Amino acid sequence: MKLISLIIPVHNEEAVLPLLQEQLLLTAGELSQYQFEFLLIDDGSQDKSYQLLQSFAAQDSRFCVLRLSRNFGKEAALMAGIDTCRGDAAVFLDADLQDPPQLIPRMLECWEAGYQDVYARRISRQGESIFKRASAWLYYRILARLSEVSIQPDTGDFRLLDRRCILALRSLREQNRCTKSLFSWIGFRKKELLFHRQARAAGKSQWKLGSLLNLAVRGITSLTTAPLRWIVILALVLCLSCTPLLAAGILLCGPARFLLLGLGCVCFLLGLQTFALGILGEYIGQIFTETKGRPVYLADTNEAREGCRHGQY
Ligand code: UDP
Ligand code: MG
C-alpha cells in the first residue's frame with residue numbers, strides 16, 4: 001500500500017487544530033486504498049498547539065509530531081517535514097484549512113497518472129485583505145519575470161510531490177530558502193489544479209507586512225542574481241550618455257563648452273566606477289551561486305545507470 005505523508009506546519013493554531021484533525025481523518029477515511037502519515041511540525045508554538053498535537057498522536061499512530069526548538073518560520077518547518085517524511089508522495093498543507101484537504105483525492109489521481117508535482121493554483125482568495133491579495137499578485141509576477149525557471153503564478157505551498165521531488169528538495173540545503181522558487185528549480189513533471197482559497201477555519205494569520213516584505217526580498221534574492229547585472233547595465237547607460245555631452249562640449253564654445261565637457265567627464269568617470277562595481281557584483285553573484293551548493297542537475301530516471309550496468313553506454 002502506498003504511503004502518503006501530509007506535512008503540516010503549525011504555529012499557534014490551537015483554535016483550528018481539532019477541526020484539522022477531523023478533516024484529516026475524513027480525508028484518510030475516503031482514501032482507504034492509501035496509508036497516511038500526518039506529519040505535524042510544531043514551529044515553536046506558545047499556545048496549547050503542541051499539547052493538542054501530542055494528544056492526536058496518542059489517539060492515532062498516523063499522527064507524528066515534530067517540535068522545533070523555537071519559531072523558525074514556515075519555510076524551516078516545511079524543510080523539517082521534507083527531511084523527516086517517509087511517504088511515496090507528500091502533500092504540504094496549511095494547518096488553518098485554507099488549503100482544502102478535499103483536493104487531495106484529485107492530486108493523488110494526477111500523481112497516479114504520472115505527474116510528480118501536482119500544485120494547486122488559487123483562482124480566488126477569501127478572507128484576505130485587498131492589500132495582501134494585491135501584494136501577493138505583484139510578488140508572483142515580479143518573481144516570474146526575474147526567474148530563469150518558470151514560476152507557477154498564484155500558487156503557494158499547497159501541492160503534492162512525488163518522492164523523487166522530496167529527495168531533490170532534501171538535497172538543497174541552502175539557508176536562505178524560498179520554497180516556491182525551489183519547487184520550480186527542481187523541475188519534474190508538473191500539473192496544475194485550480195481551487196478557491198477559503199478564509200481561515202479559525203484563528204488568526206501570523207503574517208505581518210514585515211514578514212511579507214522579508215519573504216519577498218528573500219524570494220527574489222535567493223532566486224536570481226539579476227539585480228547585480230543591472231549595475232553593469234547602469235554603467236553602460238552612464239558611459240553612453242557621456243558621449244553626446246562630450247561631443248556637444250567639443251563643438252560649442254564659451255562657458256557652455258566647459259559645462260558640457262565637465263558634465264561629460266563626470267558622467268564617464270561615474271560610469272567607469274559603476275562598471276567596476278558591476279564586475280565585483282558579477283563575482284559576488286558567482287560566489288553566491290556556489291555557496292548554495294546546489295547539484296548541477298537532477299535526474300528523473302535511473303535508466304542511464306542501468307544501461308551502464310548492461311554495457312550499453
Ligand atoms: N506557520 C508556521 N510558522 C510561522 C508562521 C506560520 O509554521 O512562523 C504556519 C501556520 O501555522 C500555517 C501556515 O504556516 O499552518 C500558514 O500561516 P498563515 O495562515 O499565518 O499564513 P497565510 O495563510 O496568512 O499566508
Ligand atoms: Mg493561512
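Scanning region 64-90 for residues that are among the aliphatic types (A, V, I, L, M) and within 16 Å of ligand 2 (Cβ to nearest atom) yields A77, L78. Residues that are in a loop (DSSP other than H, G, I, E, B) and either in contact (Cβ under 8 Å) with a residue 24 or more places away in the chain or within 13 Å of ligand 1 (Cβ to nearest atom) (or both) within region 47-81 comprise D47, K48, D60, R62, L68, S69, R70, N71, F72, G73, listed in sequence order. Residue-level check: of (1) loosely packed, with under 15 Cβ neighbours inside 10 Å; (2) away from ligand 2 (no atom under 16 Å from the Cβ), T221 misses just (1). Pull up region 92-127, narrow it to residues that are under 21 Å from L25 (Cβ atoms), more than 16 Å from ligand 2 (Cβ to nearest atom) and aliphatic (A, V, I, L, M), then point me to the one that is surrounded by the fewest Cβ atoms within 10 Å (Cβ to Cβ). So the residue we want is L108. The sole residue among L251, L238, L223, L245 that is away from ligand 1 (no atom under 16 Å from the Cβ) and under 30 Å from C110 (Cα atoms) is L223.
Residues in region 82-115 that are more than 13 Å from Q23 (Cβ to Cβ), among the β-branched types (V, I, T) and either more than 14 Å from ligand 1 (Cβ to nearest atom) or at pLDDT below 95 (or both): T84 alone. Scanning region 93-115 for residues that are touching a residue at least 12 places away in the same chain (Cβ under 8 Å), among the charged types (D, E, K, R) and in a helix (DSSP H, G or I) gives a single hit, R106.
When we screen L228, L215 for residues that are of a type outside the set (G, A, S), within 16 Å of ligand 2 (Cβ to nearest atom), surrounded by 16 or more Cβ atoms within 10 Å (Cβ to Cβ) and within 20 Å of Y139 (Cα to Cα), the only hit is L215. Considering every residue within region 297-307, establish whether at least one is farther than 21 Å from L146 by Cα, touching a residue at least 60 places away in the same chain (Cβ under 8 Å) and touching a Phe, Trp or Tyr at 6+ places or on another chain (Cβ under 7 Å). Yes, some residue in region 297-307 is farther than 21 Å from L146 by Cα, touching a residue at least 60 places away in the same chain (Cβ under 8 Å) and touching a Phe, Trp or Tyr at 6+ places or on another chain (Cβ under 7 Å).
The values are calculated or read from the model by the stated rules, or taken from the named source; none is laboratory data. Quick caveat, the model's predicted, so the values are computed rather than measured. Using ideal geometry, Cβ is built from the backbone for each residue, glycine included, and neighbour counts are taken over all protein chains shown.
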